[in-house]
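Worksheet: the structure to be examined is printed underneath.
Taken together, the values in this text are just the output of simple stated rules run on the coordinates, not laboratory data. These numbers come from a predicted model, not from an experiment. A quick note on method: Cβ atoms are made from the backbone with ideal geometry, for glycine too, and the neighbour counts reach across all protein chains shown.
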Amino acid sequence: MTMTDDSKLQPLVADAFDSLAGLLEGATERQWDTPSMCAGWRVREVTAHMTMAARYSEEEFMAGLQRCGFDFTTFSEEIAAQDGGLPAAELVANLRSDVMRHWAPPGGGYHGALSHVVIHGLDISEPLGVPRRCSDDAIRVVLDGLTESGVQTHFGVGISGRALQATDLDWSCGSGAALRGPAADLVLALCGRVVPGGRLEGEPLAASAG
């Protein structure tokens with residue numbers, strides 16, 4: 001599947017949300033309160049952040065964003081803190097909602113939605129000590145997006161002069177000093193998350209010069 005197949009990505013988005021819901025529907029309160037890989041957020045806050053669209057209409061979202069001076073970071077922090085306290089069953093239902101299955105962020109399309117659910121899904125599954133829940137096809141698309149044109153600027157991680165290779169599926173990119181490991185760990189590294197030692201082989205990715 002290529003980056004241009006955005007219209008074909010919706011089933012992968014739906015499956016990724018459903019799979020994460022399957023993980024969390026049996027989670028204990030302690031697991032819901034586990035610190036995620038997003039600084040300052042527990043599993044419950046990440047889930048609340050991921051599913052904003054299931055609870056807020058476009059009008060409500062824009063009104064809240066305007067109230068925060070159109071600072072999305074401030075607004076998302078506010079919503080995560082507020083809605084992270086919702087009952088676990090409600091957050092799981094949000095993950096399974098038809099809204100999230102067909103959600104696509106403005107300007108990002110289904111590719112943006114897939115990156116959103118896959119990356120934040122890893123932010124949840126990694127600290128819980130469970131394997132990634134998304135499919136191989138989904139994580140390939142995300143890896144392709146994070147390394148498009150040989151650059152990675154959104155998370156401030158440099159990949160120039162580096163070769164990346166997944167060891168658990170058929171995916172690689174770039175040339176130069178190699179970094180090898182499971183696809184999920186490569187995604188985490190590309191997103192600036194700290195991957196536990198020994199799981200990636202090669203020199204860690206450095207901060208982007210830009």
Among LEU179, LEU114, which comes first, then next, by fewest other beta-carbon atoms within 10 Å? LEU179, LEU114
Connecting every pair of Cα atoms under 10 Å apart in the chain and solving the GNM, the largest mean-square fluctuation among SER115, SER76, SER36 falls on SER76
What FRET efficiency comes out for the pair LEU86/VAL130, r = Cβ-Cβ distance, R0 = 25 Å, nearest 0.05? 0.65
Report, as a whole number in µm² per second, the diffusion coefficient that Stokes-Einstein gives for region 147-207 at 20 °C and 1.002 mPa s using the Kirkwood radius over alpha carbon pairs. 189
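Hey, with R₀ at 35 Å, roughly what FRET efficiency would ALA206 and ASP98 work out to, going by the Cβ-Cβ distance, to 0.05?
Computed FRET efficiency for ALA206 and ASP98 comes out at 0.25.
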Please go through region 1-105 and write out the GluC sites (Glu not before Pro) that DSSP classes as loop and that have at most 16 other C-beta atoms within 10 Å. GLU25
Local electrostatic count, ASP71, Cβ distance below 12 Å [Lys/Arg +1, Asp/Glu -1]: -1
The rounded separation in angstrom of the Cα centers of region 68-133 and region 19-46 is 11
So, in nm, how far is label GLU29 from label CYS68 when the simple model puts each one 7 Å beyond its Cα toward the Cβ? 2.8
Mind giving me the FRET efficiency for GLU60 and ASP5? R0 is 35 Å, r the Cβ-Cβ distance, nearest 0.05 is fine. 0.65
A correct Kirkwood calculation over the Cα atoms of the chain returns a hydrodynamic radius in Å of 17.7
